[in-house]
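Enquirer: The structure is given below, and queries will be raised subsequently.
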């Protein structure tokens, strides 16, 4: 998920070139709009997705091991995949509107998945070492992995971009 959040900054040259051909002198506006469209749904959506996770989590499901907690996470992962696929299509067919739409769809699933993952951790460690699991999940290892992937991203992606 974090890899996909950072990817537009790594291929900014290609995106800017595409936007300049469609809307001259507006590349910075549209490039920043891609990040804004990711953020807009996440103003209220994590609260609503938390309520959805709690409501579905109480339902026994034959698909999910955690009494329904996996179902919203699968939906959020699907939105992340779909959003990134739309961004890919926008780059391939050189359509700025598809780029923006893809970032919006990606935003629908992005932060909601983080809420869903937290719910899974709470459910898994219920009655055990929950505080340790939450601290570990949210801070140490997760931040290390995020920062490490950003460094590797900077080294690799620009050499294989488009």
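Any read-out appearing in this document is the output of simple, stated calculations on the displayed coordinates, not a laboratory observation. Since this is a predicted model, take the numbers as computed values, not measurements. Here Cβ is always computed from backbone atoms with ideal geometry, including for glycine, and neighbour counts include all displayed protein chains.
Enquirer: Given R₀ = 30 Å, what would the calculated FRET efficiency be for residue 43 paired with residue 128, taking r from the Cβ atoms and rounding to 0.05?
Expert: 0.35
Enquirer: Now for a separate question. Using Cβ counts within 10 Å as a stand-in for footprinting exposure, how do 51, 34, 117 rank, fewest first?
Expert: 51, 117, 34
Enquirer: How far, in nm, would the chain grow between residue 148 and residue 31 when pulled straight, counting 0.36 nm per residue and subtracting the alpha carbon separation?
Expert: Contour length minus Cα-Cα distance gives 39.7 nm.
Enquirer: Can you tell me the FRET efficiency between residue 54 and residue 16 if r is taken as the Cβ-Cβ distance and R0 is 41 Å, rounded to the nearest 0.05?
Expert: 0.45
Enquirer: Next up: To make sure I understand, if each residue's beta carbon is the centre and we count other beta carbons within 10 Å, what order do 5, 21 fall in, fewest to most?
Expert: Sorted ascending by nearby Cβ count, the order is 21, 5.
Enquirer: A further question follows. By per-residue mean of other Cβ atoms within 10 Å, what is the highest-first order of 107-113, 26-32?
Expert: My ranking of the peptides, most packed first, is 107-113, 26-32.
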